[in-house]
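Below is one structure, written out as structure tokens; comments come after it.
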Amino acid sequence: MKKVCVNICRMLLAVVFILSGFVKAVDPMGTQYKINDYLAAMHLSTMLPDWAALTMAVGLSALEFSLGVFMLFAIRRRLTSRLMLVMMLLMTPLTLWLALTNPIHDCGCFGDAVVLTNWQTFWKNVVLLAAAVVVALWPKQMFRFVSESNQWIVVNYTILFVLGIAGWSLYDLPQFDFRPYKVGTDLRDGWQRTWEGEDLPYADLFLERTDTGEDITEEVLTDEGYTFLLIAPHLEQASDAHLDQINEIYEYSEVFQYPFYCLTASGPQGINRWRDLTGAEYPFCQTDDIVLKTMIRSNPGLLLLKDGVVIRKWSHNRLPSMLTSDPLDRLDIGQQPDDTVARRIIRLLLWFVLPLMLLVIADRTWAWTKWLRHRKPVQPSKTP
């Protein structure tokens, strides 16, 4: 019964830590924003620069994911179980404080994939703390999937994989988008239903032109054609590495008369600085910075609407080339991509889960054949 109990607790911890670490790794900027929320609630927001918060976000995601995989495979059982126990001893009182004072709406444990209330998070951590205590008391009751001599393969592969996921998500965009502005979202419908009284996350969505002060939210969302939206929450911090491509896309939009707006939360000084730096001639709209950070995890990033539906999103590192004389309806980028969530999950399984499964099979087969060799009876010698 002790072995059964320990391994049930071990599997529970492994699944939760893997899920928590993975959703943070695919959206490190979202984790950074949540860390900043924690710091602001503690009145420590000036203590940690953005680069340090982002580094912490990547490190936290890698730690949680790696510990989850190590627990699943029973790698370095004593060390892994003790590290998990220390994490739960730190996180449980923190989430109790969140539940009692409610300084932020959710802890961000699972990013935007699974949103829990602060009390739900606290009771979840109580259960995980109890499981961590059980596993830390009897770590050697966990059975191994991979022999000790081959555990280094799982360790190295896991760390490289999670850091690679986080790095690619920073360079491009999160491979899995759980936010209300993901590709395929009908913003027109969601915005209209919000104004009709439904509880949807579009109440703070507004586009106000900085030159005229006109609110053009309805105009943009009800447009029957294509609309380019350059998203830059804070122009003072926006990357200027791909200005030529941005201007190229704007010139293309002018040729085919596609509306093009830059959405930002920066004030006149930031906008004028960006204009001087880039020679931007496109119109600017004032928008809530939290909405912009939710729209796209890139500063700047590009979003393409068609009939009020989000059909494409690009980071500034992956902007499309518009050196073409064809309109968008004749181009692949003018269509919603067919890269479904199911396909991305299959790719994930092929790149991470399948190699580890093959390793487990090979390792267990080798251990079984070794056991058979040792079990082979010794033939008695014949006397002359």
In the range 108-130, which residue that is part of a loop (DSSP other than H, G, I, E, B) and either in contact with a strand residue (DSSP E or B) (Cβ under 9 Å, 6 or more places away or on another chain) or of a type outside the set (Val, Ile, Thr) (or both) is most open to solvent (accessible area, probe 1.4 Å)?
Asp112
Filter result (open to solvent by 90 Å² or more (accessible area, probe 1.4 Å) and over 21 Å from Ile311 (Cα atoms)) within the range 336-354:
Ile346, Arg347, Leu350, Trp351
Among the numbered criteria (1) farther than 25 Å from Arg344 by Cβ; (2) outside any helix (DSSP H, G or I); (3) open to solvent by less than 70 Å² (accessible area, probe 1.4 Å), which one does Gly184 miss?
(1)
Looking only at the range 278-295, decide whether some residue is within 26 Å of Thr210 (Cβ to Cβ), without any contact (Cβ under 8 Å) to a residue 40 or more places away in the chain and open to solvent by 30 Å² or more (accessible area, probe 1.4 Å).
yes
Is there a residue being open to solvent by 40 Å² or more (accessible area, probe 1.4 Å) and assigned to a loop (DSSP other than H, G, I, E, B) anywhere in the range 148-171?
no
Please verify whether Lys306 is surrounded by fewer than 22 Cβ atoms within 10 Å (Cβ to Cβ) and over 16 Å from Gln237 (Cβ atoms), treating the condition exactly as stated.
yes
Can you give me the number of residues within the range 131-147 that are part of a helix (DSSP H, G or I) and surrounded by 14 or more Cβ atoms within 10 Å (Cβ to Cβ)?
8
Scanning for something over 19 Å from Ile18 (Cβ atoms) and either out of contact with any Phe, Trp or Tyr (no Cβ under 8 Å at 6 or more places or on another chain) or outside any helix (DSSP H, G or I) (or both), does the range 73-82 turn up at least one residue?
yes
Which pairs have Cβ atoms under 6 Å, sit 6 or more apart or on different chains, and link a residue in the range 254-272 that is over 19 Å from Ile216 (Cα atoms) to one that is of a type in the set (Asp, Glu) and surrounded by fewer than 18 Cβ atoms within 10 Å (Cβ to Cβ)?
Gly270/Glu236
Cβ contacts < 8 Å: first residue over 14 Å from Ile246 (Cα atoms), restricted to the range 304-316; second residue part of a strand (DSSP E or B) and polar (S, T, N, Q), any location; separation 6+ or different chain. Result?
Leu305/Thr227; Lys306/Thr227
Residues that are open to solvent by less than 30 Å² (accessible area, probe 1.4 Å), assigned to a helix (DSSP H, G or I) and aliphatic (A, V, I, L, M): does the range 314-335 have at least one?
yes
Exclusive hit being among the β-branched types (Val, Ile, Thr), more than 21 Å from Ile35 (Cα to Cα) and modelled with pLDDT of 85 or more, set Val146, Val162, Val135
Val135
Return the total of residues in the range 35-57 being open to solvent by 30 Å² or more (accessible area, probe 1.4 Å) and at pLDDT 90 or above.
3
The range 57-83 residues that are farther than 18 Å from Val353 by Cα, paired with ones that are outside any helix (DSSP H, G or I) (beta carbon under 6 Å, 6 or more apart):
Arg77/Met142
Return the pairs, sorted by first residue and then second, in which the second residue is at pLDDT below 95 and among the acidic types (Asp, Glu), the first residue lies in the range 220-234 and is on the phi < 0 side of the Ramachandran plot and buried (at least 19 other Cβ atoms within 10 Å of the Cβ), the beta carbons are less than 6 Å apart, and the residues are 6+ apart or on different chains.
Pro233/Asp289
Of the residues that make up the range 206-223, is at least one charged (D, E, K, R) and closer than 19 Å to Thr324 by Cβ?
no
Options Ala14, Ala99, Ala52; residue that is touching a Leu at 6+ places or on another chain (Cβ under 9 Å), free of Cβ contacts under 8 Å to residues at least 60 places away in the same chain and either in a helix (DSSP H, G or I) or under 25 Å from Ile345 (Cα atoms) (or both):
Ala14
Could you tell me which numbered condition Met357 fails, if it satisfies all but one of (1) closer than 17 Å to Phe256 by Cβ; (2) more than 23 Å from the chain's Cα centre (by Cα)?
(1)
Give the residues of the range 330-354 that are touching a residue at least 12 places away in the same chain (Cβ under 8 Å) and closer than 30 Å to Pro259 by Cα, sorted by residue number.
Ile333, Gly334, Gln335, Gln336, Pro337, Val341
Kindly indicate whether Phe176 is part of a loop (DSSP other than H, G, I, E, B), of a type in the set (Phe, Trp, Tyr) and under 24 Å from Leu54 (Cβ atoms).
yes
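The values are calculated or read from the model by the stated rules, or taken from the named source; none is laboratory data. All figures in this text were calculated on a predicted structure; none of them were measured in a lab. Cβ sites come from the backbone with ideal geometry, for glycine too, and all protein chains shown count toward neighbours. Surface accessibility is based on the protein's heavy atoms, side chains included, excluding ligands, DNA and RNA. Shrake-Rupley method; radii C 1.70, N 1.55, O 1.52, S 1.80 Å.
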